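Asks: One structure, pasted below without further comment.
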Amino acid sequence: RKEVEQDPGPFNVPEGATVAFNCTYSNSASQSFFWYRQDCRKEPKLLMSVYSSGNEDGRFTAQLNRASQYISLLIRDSKLSDSATYLCVVNNPGTYKYIFGTGTRLKVLA
Amino acid sequence: DGGITQSPKYLFRKEGQNVTLSCEQNLNHDAMYWYRQDPGQGLRLIYYSQIVNDFQKGDIAEGYSVSREKKESFPLTVTSAQKNPTAFYLCASSTRIFKNIQYFGAGTRLSVL
């Protein structure tokens, strides 16, 4: 089993739709979780950190479910500019090593 | 502006040649990383360094070498032993505080002639 797993997609959704991605992780001791966005041929950029209580930033909401060992990202009112690959990242305690999922590709269609 | 600078943006390597990719950060971060990304693939860790003069192998270190002589610099050498070097190389850095958020440079795209 991979340490971090994501559905590669693509998720093709119309503008204005709500879309959700999940990411599962295998190490129950993992403590830091992030969502990054990566545009084609560009570097990953931090979208949001994921906190235990869940957090929201505008149209984006991230949730952590420790019992089932997954994090989620919800995007409301999708825009064309949201089209990108979304990377799930996990950082385990006591280590500087980050574990990346392979990403979920989102295409928002006009 | 604080950030991570990678150079060059594009690099071409001849067979049997060693090439060095530059990564400089002015964020005062302790930790620095090198990743490789192949088309349609996730990021794979090559090397990382938590402190000056110390570094550890990642998951795919064979055919690569690094140095960390200064806090702000972490160059990566792709040696001739790396038989399939064509990829997108990303340098990143992070700090102990602020929940260890990792920041990336713009990347170097390496191709073999």
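Asks: Counting only protein chains, not ligands or nucleic acids, how are B:F104, B:F12 ordered by accessible area (probe 1.4 Å), most first?
Replies: Working: B:F104 25, B:F12 120 Å².
Sorted descending by solvent-accessible area, the residues read B:F12, B:F104.
Asks: Once ligands and nucleic acids are excluded and a 1.4 Å probe is used, how much of A:S81 is accessible, expressed in Å² to the nearest 10?
Replies: Accessible area of A:S81: about 80 Å².
Asks: Across the residues of B:105-113, average count of Cβ atoms on other protein chains within 10 Å?
Replies: Details: counts 1, 2, 4, 0, 1, 0, 0, 0, 0.
Other-chain Cβ atoms within 10 Å of each residue's Cβ, averaged: 1.
Asks: Is there a quick way to get the dipole size of the protein assembly as shown? I mean about its Cα centre, with the Cβ of Lys and Arg at +1 and of Asp and Glu at -1; what is the value in debye to the nearest 20? Intermediate results must be reported in sequence, preceding the final value.
Replies: Details: 26 positive and 20 negative charges, 55 e Å.
In total the dipole reaches around 260 debye.
Asks: For B:K57, which lysines qualify as cross-link partners when the Cα separation must be under 21 Å and same-chain residues fewer than eight apart are set aside?
Replies: A:K2, A:K97, B:K70, B:K71, B:K83
Asks: Rg and Dmax of the protein assembly as shown over Cα atoms: what are they, in angstrom?
Replies: Cα-based Rg and Dmax for the protein assembly as shown come out at 17.7, 52 Å.
Asks: While we're here: Need one value: the accessible area of A:E3 in square angstrom, 1.4 angstrom probe, rounded to the nearest 10.
Replies: About 90 Å², rounded to the nearest 10.
Asks: A:K42 to B:L113: FRET efficiency via 1/(1 + (r/R0)^6), r the Cβ-Cβ distance, R0 25 Å, to the nearest 0.05?
Replies: Computed FRET efficiency for A:K42 and B:L113: 0.55.
Asks: While we're on this one: Going from the alpha-carbon gyration tensor of chain B, what semi-axes, largest first and in whole Å, does one get by taking the root of 5 times each eigenvalue?
Replies: On the way: eigenvalues 104, 39, 34 Å².
After diagonalising the Cα gyration tensor, the semi-axes are 23, 14, 13 Å.
Asks: Moving on to the next point. Say we join alpha carbon atoms closer than 10 Å with springs in a Gaussian network model of chain A; which of A:D82, A:D57, A:D39 then has the biggest fluctuation?
Replies: Of A:D82, A:D57, A:D39, the most mobile in the Gaussian network model is A:D57.
Asks: Output ³J(HN,Hα) for segment B:67-78: one whole-Hz value per residue in order, computed from phi by the Karplus curve 6.51 cos²θ - 1.76 cosθ + 1.60 with θ = phi - 60°, and x for Gly and Pro.
Replies: So the J values, rounded to whole Hz, are 9, 9, 7, 10, 4, 8, 10, 8, x, 10, 9, 9.
Asks: In vacuo Debye scattering of segment A:58-110, one point per C-alpha: log10 I(q)/I(0) at q = 0.15, 0.23, 0.30 Å⁻¹?
Replies: -0.55, -1.01, -1.24
Asks: Stick to Cα atoms and the Kirkwood definition of Rh, then tell me Rg/Rh for chain A. Write down the numbers at each step before the final one.
Replies: Values: Rg = 13.4 Å, Rh = 14.0 Å.
My calculation of the ratio gives 0.96.
Asks: Moving to a separate point now. With every protein chain kept in place and ligands, DNA and RNA left out, what is the accessible area per residue of segment A:1-106? Probe 1.4 Å, answer in Å².
Replies: Working: 5040 Å² over 106 residues.
On a per-residue basis, segment A:1-106 sits at 48 Å².
Asks: Can you give the charge dipole size of chain A about its Cα centre, rounded to the nearest 20 debye, using +1 on the beta carbon of Lys and Arg and -1 on the beta carbon of Asp and Glu?
Replies: Numbers: 13 positive and 10 negative charges, 44 e Å.
Here the size comes out at about 220 debye.
Asks: With +1 on each Lys and Arg Cβ and -1 on each Asp and Glu Cβ, and nothing else charged, work out how big the dipole of chain B is about its Cα centre, in Debye to the nearest 20.
Replies: Details: 13 positive and 10 negative charges, 31 e Å.
With only Lys, Arg, Asp and Glu charged at Cβ, the dipole is about 140 debye.
Asks: Cut-off 10 angstrom, C-alpha nodes, Gaussian network model of chain A. Which of A:K45, A:K97, A:K79 fluctuates the most?
Replies: Among A:K45, A:K97, A:K79, the largest GNM mean-square fluctuation belongs to A:K97.
Asks: Given the whole protein assembly as supplied and a 1.4 Å probe, what does the accessible area of B:R13 come to in Å², nearest 10?
Replies: Counting only protein heavy atoms, B:R13 exposes about 10 Å² to solvent.
Asks: What does DSSP give for the protein assembly as shown in terms of the percent of beta bridges that are antiparallel, rounded to the nearest 5? Walk me through the numbers before you get to the answer.
Replies: Details: 71 of 79 bridges.
So the antiparallel bridges amount to about 90 percent of the total.
Asks: Same structure, new question: What ³J(HN,Hα) values, in whole Hz, does the Karplus curve 6.51 cos²θ - 1.76 cosθ + 1.60 give for segment B:14-27 when θ = phi - 60°, with x put for Gly and Pro?
Replies: 8, 4, x, 9, 8, 10, 10, 9, 9, 9, 10, 10, 10, 8
Asks: Rounded to the nearest 100 Å², what is the sum over both chains of accessible area buried where A meets B, with a probe of 1.4 Å?
Replies: 1900
The values are calculated or read from the model by the stated rules, or taken from the named source; none is laboratory data. Remember, predicted model here, so these are calculated numbers, not experimental data. Neighbour counts run over all protein chains shown; Cβ positions are idealised from the backbone, glycine included. All accessible areas refer to the heavy atoms of the entire protein, side chains included, with ligands and DNA or RNA removed. Shrake-Rupley method; radii C 1.70, N 1.55, O 1.52, S 1.80 Å.
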